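A.B. asks: Following this message is one structure expressed as structure tokens.
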Amino acid sequence: MCGRFVQFRGFEELRAHFPIDMSHVEGVPNYNVAPTQQVLAIARYDGQNHLIKFHWGLVPFWAKEISIGSKMINARAETVDSKPGFRNAFKKRRCLIPADGFYEWAGVKGRKQPVYITKPDHSPLAFAGLCEIRDNKRQEDEAYRSCTIITTKASESVQEIHNRMPAILKPEAYGAWLDPKNQDVTGLQDFIQNQILIELVNIPISQRVNSVKSNGPENILPLKQD
């Protein structure tokens, strides 16, 4: 599972790491992204890769209420191609969700230690994601854009903290993953099972991150050891 993550880089930095042709937004640094909040994601439309804001929590095109999104923040890699809420988007509407890292909590209930998990060099990474656009019936309302993060079994570098982690795609998989014409479900499954980054570092951090109201760079500072 991935229930909180970090997204603090602006467009120019993101474009240096990811295949972005144009941006419709300027991101606001968020050091404590929580479900249903807006996040930046990269999706391909009309042959170009666009950086767009989506609500975190997928709302399928057939859903009657957007509230279903709060229950669909993650899609399991093992079943994403068969679950009714995800399978259509998996085949046709995929995205990359740039991130700087994500949070997990280690230990037993009541004594859990928050941990920031990121790449060893602290460069940005890309979660494999799915996206949907739900048109509102009232013309004055904007379409509701939503996304979900695909998760997979934790790698050795993460499994001591949690048994699941986001599927973090390798750069060489970005192009095919974003291509809506690529509807080879078997090949797409290979990406999220075998073409992912597994070497990550775990950084114990302050308990302040437990509150979603705590949203600053101090969230990801290593915990000082006494």
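The values are calculated or read from the model by the stated rules, or taken from the named source; none is laboratory data. Note that the structure is a prediction, hence the values are computed from the model and not measured. Because the Cβ atoms are built from the backbone with ideal geometry, glycine has one as well, and the counts that use them run over all protein chains shown.
A.B. asks: Considering segment 66-84 alone, what residues qualify as being farther than 14 Å from Thr148 by Cβ, part of a loop (DSSP other than H, G, I, E, B) and either at pLDDT below 95 or over 19 Å from the mean Cα position of the chain (by Cα) (or both)?
C.D. replies: Across segment 66-84, the qualifying residue is only Ser82.
A.B. asks: Another question, if that's okay. Given the criteria in contact with an Asp or Glu (Cβ under 8 Å, 6 or more places away or on another chain), hydrophobic (A, V, I, L, M, F, W, C), within 16 Å of Ala99 (Cα to Cα) and surrounded by 12 or more Cβ atoms within 10 Å (Cβ to Cβ), does Leu130 qualify?
C.D. replies: Answer is no for this residue.
A.B. asks: A follow-up question, please. Between a residue in segment 184-198 that is farther than 10 Å from Ala173 by Cβ and any residue that is assigned to a helix (DSSP H, G or I), which pairs come within a Cβ distance under 7 Å, given they are 6 or more apart or on different chains?
C.D. replies: Val185/Lys91
A.B. asks: Can you work out which of the residues in segment 17-26 that are more than 15 Å from the chain's Cα centre (by Cα) and buried (at least 17 other Cβ atoms within 10 Å of the Cβ) is nearest to Arg44 (Cα to Cα)?
C.D. replies: Among those that are more than 15 Å from the chain's Cα centre (by Cα) and buried (at least 17 other Cβ atoms within 10 Å of the Cβ), it is Ile20.
A.B. asks: Can I ask one more? Does segment 147-166 contain any residue that is touching a helix residue (DSSP H, G or I) at 6+ places or on another chain (Cβ under 7 Å), more than 27 Å from Arg208 (Cβ to Cβ) and either of a type outside the set (Asp, Glu) or in contact (Cβ under 8 Å) with a residue 40 or more places away in the chain (or both)?
C.D. replies: Taking every residue of segment 147-166 in turn, at least one turns out to be touching a helix residue (DSSP H, G or I) at 6+ places or on another chain (Cβ under 7 Å), more than 27 Å from Arg208 (Cβ to Cβ) and either of a type outside the set (Asp, Glu) or in contact (Cβ under 8 Å) with a residue 40 or more places away in the chain (or both).
A.B. asks: Could I ask something else about it? If Ala63 satisfies all but one of (1) in a strand (DSSP E or B); (2) at pLDDT below 95; (3) among the hydrophobic types (A, V, I, L, M, F, W, C), what's the number of the condition it fails?
C.D. replies: In the conditions (1) in a strand (DSSP E or B); (2) at pLDDT below 95; (3) among the hydrophobic types (A, V, I, L, M, F, W, C), Ala63 misses (1) alone.
A.B. asks: With the requirement that a residue be buried (at least 17 other Cβ atoms within 10 Å of the Cβ) and either within 25 Å of Phe8 (Cβ to Cβ) or acidic (Asp, Glu) (or both), what does segment 54-80 give you?
C.D. replies: Across segment 54-80, the qualifying residues are Phe54, His55, Trp56, Gly57, Leu58, Gly69, Met72, Ile73, Asn74, Ala75.
A.B. asks: Can you give me the number of residues within segment 36-47 that are more than 19 Å from Lys170 (Cα to Cα) and either modelled with pLDDT under 95 or surrounded by 17 or more Cβ atoms within 10 Å (Cβ to Cβ) (or both)?
C.D. replies: Matching residues across segment 36-47 total 5.
A.B. asks: Taking segment 165-175, which residues are within 17 Å of Gly129 (Cβ to Cβ) and either surrounded by fewer than 17 Cβ atoms within 10 Å (Cβ to Cβ) or of a type in the set (Asp, Glu) (or both)?
C.D. replies: Lys170, Pro171, Gly175
A.B. asks: Then there is this: Are there any pairs, at least 6 apart or on different chains, whose C-beta atoms fall under 8 Å, with the first in segment 1-16 and surrounded by 14 or more Cβ atoms within 10 Å (Cβ to Cβ) and the second part of a helix (DSSP H, G or I) and not hydroxyl-bearing (Ser, Thr, Tyr), and if so, which?
C.D. replies: Once the first residue is surrounded by 14 or more Cβ atoms within 10 Å (Cβ to Cβ) and sits in segment 1-16, its partners that are part of a helix (DSSP H, G or I) and not hydroxyl-bearing (Ser, Thr, Tyr) give Arg4/Val209; Val6/Asn219; Val6/Ile220; Phe8/Pro217.
A.B. asks: Quickly run through segment 17-26 and pick out the residues that are in a loop (DSSP other than H, G, I, E, B) and touching a residue at least 24 places away in the same chain (Cβ under 8 Å).
C.D. replies: Phe18, Pro19, Ile20, Asp21, His24, Val25
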